[in-house]
Amino acid sequence: MNKAIIALGIIGILLIPYIWLFFMLRKLFAKNTYTLETSTINNDISVIKDNITNIYLVKIDDGYIAIDIGQNIKVVKEELSSLNIKIEEIKYILLTHSDVDHVGAISAFPHAEVFLAKEEDKLARSRAFRRVSKYKIPVLNKVKHTYKLIEDKQLLQLSNRDVRCILTPGHTPGSMSYLIDSKWLFTGDLIALFDNKAKSFLSFFTMNPEQNKQSIKKLANSMLEQAIEYVFTAHFGYSRDFTFTFKEWL
């Protein structure tokens, strides 16, 4: 028993730097992002705040499409309730990628149909830590839900909504953006918005910053002919001026 207690004590001491690092990174991230409060954006779209991440809800004929699903199950449930939305009304979940702040609460939605880029599958099924950029910070990615794999340029018909899937790798290998009804663009962790201008997502938290920049250029130029009304991000709010937002990338 004494040996077991000593061993646990040693493990605890060894974990202290990692626990400290986790909270410091979380504080750094929160300080440099802008997360929307839970609210209704328009007649079709609502947003939920889960700590440092936003979940977007798009109304459909028989419920809602969720873009990402947050991390804290208790918070997500409470915020849904504040909007008078029931768990079972979330019919579809479009994951932009598999980081825990985007997928951690997914087990609370067992009946939802979940979609994830095929390029993200290996990361989402891994029991190992993935690395963040050149800093080698470990982050555990695991999607605890069955999901359907989707591809770049694939079109989904989800109830009365058309969803175009656009692969935008860099933050993670399978980061996916979604264009709904040719007017609402959801970018996950592809971009940060500063003064309503699109910047590459925080490089510290991005696996391949250079690839992320290339993905922004690809997305910006591929959307020129679309009448984009909103550009939504997971941590930096949204823009209603596509051309101004992406001007530097065109």
Worksheet item: Can you give the accessible area of residue 218, probe radius 1.4 Å, in Å² rounded to 10?
Response: 80
Practice prompt. Multiply the residue separation of residue 86 and residue 225 by 0.36 nm, subtract the distance between their alpha-carbon atoms, and state the gained length in nm to one decimal.
Written response: 46.4 nm
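The values are calculated or read from the model by the stated rules, or taken from the named source; none is laboratory data. What you are looking at is a predicted structure, and each value in this text was computed from that prediction instead of being measured. Side chains are part of the model used for accessible areas, which takes the heavy atoms of the whole protein and leaves out ligands, DNA and RNA. Shrake-Rupley method; radii C 1.70, N 1.55, O 1.52, S 1.80 Å.
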